[in-house]
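The structure appears right after this line, and notes come after that.
The values are calculated or read from the model by the stated rules, or taken from the named source; none is laboratory data. In this text, all values refer to a predicted model and were calculated from it rather than measured experimentally. Here the Cβ positions follow ideal geometry from the backbone for every residue, glycine too, while neighbour counts run over all protein chains shown. Accessible surface is based on the protein model in full, side chains and every heavy atom, while ligands, DNA and RNA are left aside. Shrake-Rupley method; radii C 1.70, N 1.55, O 1.52, S 1.80 Å.
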Amino acid sequence: EFMSFEGAEAWEANYRRCLASGVMDEYEELAETPSGLRWWRTILSPVVDETGKIVQLLGLAADINDRKRAETELQTAVFVDSVTGIANRRRFELDLAAAMAQSVDRSVPFTLILADLDRFKAINDTYGHGVGDDVLRHTAKRLRSGLREKDRIARVGGDEFAAILSSATDGAVAVALDRIRRQFVEPIDLGQVRVPIGVSLGAALWEPGMTGDDLRSAADAAMYGAKRQRYG
């Protein structure tokens, strides 16, 4: 009476599953209520008569919405960089491991890109760490704008960022790098100051047999090679 049609369908499906199995079932679900979507923990127990026939279900449902919300907030804090709002190193390590596992299973390569801000220490020394944090936030936005929606990006160090791209050919990677570089042609406008910013990029295409360290080392070498070409 208090649920939407779709929500009632989902609850009924759970009840029918318990009836079919004939054993107690315990699960968590997100259900629509008059106060909005809420998480519930439900325990269902079939009641049988003397012939073994199930005659009813006894159920207990507890509202666990506050706990689930706290879990979500905690997970966000664990995997999100507090300055830029994008993924942090811990999330990146998980994403990289997942990308490698998928590539092993499907024999489809992917690309790791490392990005390092040029002369970021000078920005902090000149303008202060508050402006430095603003520059990091704008850098994350510009990197995100240079990537496709399905690509993943993270801040992995002070002024270091990493991206995992599904691009699987040298040509596609070159296009991606050029697209990112174009995002950094203009200075970052912070209102009270315009901060010129550059970024050094290095890319490595995953190949069968490579470890995560191999891939990072290859991208790192390419990134510092690009930085030496620009600044000597």
Residues of region 183-194 being open to solvent by less than 50 Å² (accessible area, probe 1.4 Å) and either in a strand (DSSP E or B) or free of Cβ contacts under 8 Å to residues at least 40 places away in the same chain (or both), in sequence order, are 187, 188
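Which residues, counting only those in region 195-229, are charged (D, E, K, R) and loosely packed, with under 11 Cβ neighbours inside 10 Å? Please lay out each step first, then the result.
So in region 195-229, the residues charged (D, E, K, R) come out as 207, 213-214, 216, 220, 227-228.
213, 228, listed by residue number.
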Filtered residues of region 16-44 (kept if in contact (Cβ under 8 Å) with a residue 12 or more places away in the chain, part of a strand (DSSP E or B) and open to solvent by less than 40 Å² (accessible area, probe 1.4 Å)) = 25, 27, 29, 31, 33, 42, 44
Given (1) closer than 30 Å to residue 134 by Cβ; (2) out of contact with any Ser or Thr (no Cβ under 9 Å at 6 or more places or on another chain), residue 88 misses just (2)
Is there a residue in region 1-15 that is surrounded by 12 or more Cβ atoms within 10 Å (Cβ to Cβ), among the aliphatic types (A, V, I, L, M), touching a residue at least 24 places away in the same chain (Cβ under 8 Å) and more than 16 Å from residue 56 (Cα to Cα)?
-> yes
Only one of (1) open to solvent by less than 20 Å² (accessible area, probe 1.4 Å); (2) assigned to a helix (DSSP H, G or I); (3) closer than 23 Å to residue 84 by Cβ; (4) touching a residue at least 24 places away in the same chain (Cβ under 8 Å) fails for residue 162. Which number is that?
-> (2)
Helices (runs of 4 or more DSSP H) contained entirely in region 71-151, each with at least 2 residues that are buried (at least 20 other Cβ atoms within 10 Å of the Cβ) = 89-106, 129-145
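With touching a residue at least 12 places away in the same chain (Cβ under 8 Å), within 25 Å of residue 132 (Cβ to Cβ) and assigned to a loop (DSSP other than H, G, I, E, B) as the only criterion, which of 197, 180 stands out? Please lay out each step first, then the result.
Working: 180 fails: assigned to a loop (DSSP other than H, G, I, E, B).
It is 197.
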Of all the residues that make up region 52-70, how many are surrounded by 12 or more Cβ atoms within 10 Å (Cβ to Cβ) and touching an Asp or Glu at 6+ places or on another chain (Cβ under 8 Å)?
-> 2
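Determine, yes or no, whether residue 199 is within 22 Å of the chain's Cα centre (by Cα), assigned by the TED database to the domain that holds residue 219 and within 18 Å of residue 220 (Cβ to Cβ). Working first, answer last.
Numbers: within 22 Å of the chain's Cα centre (by Cα): no; assigned by the TED database to the domain that holds residue 219: yes; within 18 Å of residue 220 (Cβ to Cβ): yes.
No.
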